[in-house]
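**Student:** This is the structure I want to talk about, given as structure tokens.
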Amino acid sequence: MPKIENGKIEIYTDGSCLGNPGPGGWAAVIHHGDETVEIKGHEKESTNNRMEMTAIIKALQWVRENFPDELNKLKIVLHSDSNLLVQSLRQGWKRKANIDLWAELDRARAWLDIEWNWIKAHHTNEYNNRADELAFKEATKAKKGQK
């Protein structure tokens, strides 16, 4: 079981799509204590927004699976370069598409203490850039039909 120091987990997520729609990839870089975990995946056909949402969902599911006894003590700081998602989660913007993923995201984030942060894409943050790199590689795998 991973350890948590100071009750804080920091997550950077990103999604990538080669065409919109097209082959897509998602990734998350998760920091807890002095450890960093990278999770990633892809889909044969998706959209940018679906991959951005999937990255967040998968990251929160990872937290739930790895820290089931500490969920009420955790502070999660989640960074995404998707302004649409961050503002929808912070400000309650209307959800017009991807209703299936919104429902899954709501389940994944239920009762968690999450701070939603927008971060500029392709800028100077090494962890956001790493999530972007992983998501793009996953989208490329999807395009080539790789597992």
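**Student:** So how do Glu38, Glu126, Glu138 line up by other beta-carbon neighbours within 10 Å, fewest first?
**Tutor:** With the fewest neighbours first, Glu38, Glu126, Glu138 line up as Glu126, Glu38, Glu138.
**Student:** GNM on the chain, C-alpha springs below 10 Å: top fluctuator among Ala97, Ala108, Ala135?
**Tutor:** Among Ala97, Ala108, Ala135, the largest GNM mean-square fluctuation belongs to Ala97.
**Student:** Mean-square fluctuation check for the chain, GNM, Cα pairs under 10 Å: which of Trp26, Trp62, Trp111 is largest?
**Tutor:** Trp111
**Student:** Sticking with this one: Got a sec? Which residues in the range 123-144 would a label at Asn6 touch, if it sits 7 Å along Cα→Cβ and we count backbone N under 19 Å?
**Tutor:** From the range 123-144, the list is 126-128.
**Student:** For the residues Val37, Val63, what sequence is obtained by ranking on other C-beta atoms within 10 Å, fewest first?
**Tutor:** Val37, Val63
**Student:** How many nm separate the modelled label positions at Lys144 and Asn66, each set 7 Å beyond the Cα in the direction of the Cβ?
**Tutor:** Result for the modelled spin labels: 2.6 nm.
**Student:** May I pose another question? Place a +1 charge on the Cβ of each Lys and Arg in the range 8-144 and a -1 charge on the Cβ of each Asp and Glu, then give the dipole magnitude about the Cα centre in debye, rounded to the nearest 20. Present the calculation step by step, with values, prior to reporting the outcome.
**Tutor:** Working: 20 positive and 21 negative charges, 103 e Å.
For the range 8-144, the charge dipole is close to 500 debye.
**Student:** Would you mind classifying the chain by shape? Square roots of the alpha carbon gyration tensor eigenvalues, ordered a ≥ b ≥ c; an a/c under 1.5 is rounded, otherwise it is prolate if a/b is larger than b/c and oblate if not.
**Tutor:** prolate
**Student:** Which residue, Gly15, Gly25, Gly33, has the most motion in a Gaussian network model of the chain that connects Cα atoms within less than 10 Å?
**Tutor:** Most flexible of the set in this elastic network: Gly33.
**Student:** Check cross-link reach from Lys44 to the lysines: straight Cα distance under 29 Å, and skip same-chain residues fewer than eight apart.
**Tutor:** Within the straight-line limit of under 29 Å, Lys44 reaches these lysines: Lys58, Lys94, Lys96, Lys120, Lys137, Lys141, Lys143, Lys144, Lys147.
**Student:** Just report the Cα centroid separation between the range 16-47 and the range 94-112, whole Å.
**Tutor:** 17 Å
Just so you know, all these numbers are worked out from the coordinates, no wet-lab data involved. Just so we're clear, the structure is a prediction, and the values are computed from it rather than from any experiment. Counting neighbours? That spans all protein chains shown, and the Cβs are built from the backbone with ideal geometry, glycine included.
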